[in-house]
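The values are calculated or read from the model by the stated rules, or taken from the named source; none is laboratory data. Small disclaimer: the values here were computed from a predicted structure and weren't measured. Neighbour counts run over all protein chains shown; Cβ positions are idealised from the backbone, glycine included. Ligands, DNA and RNA are stripped out before the accessible areas are found, and what is left, the full protein with its side chains, is counted by its heavy atoms. Shrake-Rupley method; radii C 1.70, N 1.55, O 1.52, S 1.80 Å.
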Amino acid sequence: MNQATGLTRIVKAAGYSWKGLCAAWKHEAAFRQESVLLVAAVAVALWLDVSTIERILLIGSVALMVIFELINSAIEAVVDRIGTERHELSGRAKDMGSAAVLITGLLALFAWGSILYQHFWGGA
């Protein structure tokens, strides 16, 4: 088997990644919603007069949620591909993926809440 190496491998990997993003956009409503939220978060974070680290935390926390949504969607697709019958492990895998998205969402809320509170009401 002829494995792609170097630049060819990178180009192919980028193509697979683009294909994955397109599939997520087409088939996953949560991914579309969180992606729109990410665009809005980037715009607001760039507009706010905050430090570079705070800007990175604001954008990064929402980007992390989108990343975990992609992972969660991949887990769900694999579980659904394996079979449609109910199985405790399948449910557990889907629930854990969902929990990962929830935790990153809470992290984003905490980051945004903390930074906006300090920026608008906390002084310093």
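For the reader, a short list of remarks on this structure follows.
- Cα gyration tensor, the range 54-124 - rounded (a/c under 1.5), prolate or oblate: prolate
- Whether the range 1-80 is rounded, prolate or oblate, judged on the alpha carbon gyration tensor where a/c under 1.5 counts as rounded: oblate
- Nearest 10 degrees, 0 to 90: helix 6-27 Cα axis against the chain principal axis: 80 degrees
- Between residue 22 and residue 96, the distance separating the two model label sites (each 7 Å from Cα on the Cα→Cβ line) works out to 3.2 nm.
- Only protein atoms count toward the accessible area here, which uses a 1.4 Å probe; on the chain, the carbon and sulfur part of that area reaches 68 percent.
- Heavy-atom surface of the chain, accessible at 1.4 Å and reported per residue (Å²): 72 Å²
- C-alpha long axis of helix 29-47 to longest principal axis of the chain, angle in °: 30 degrees
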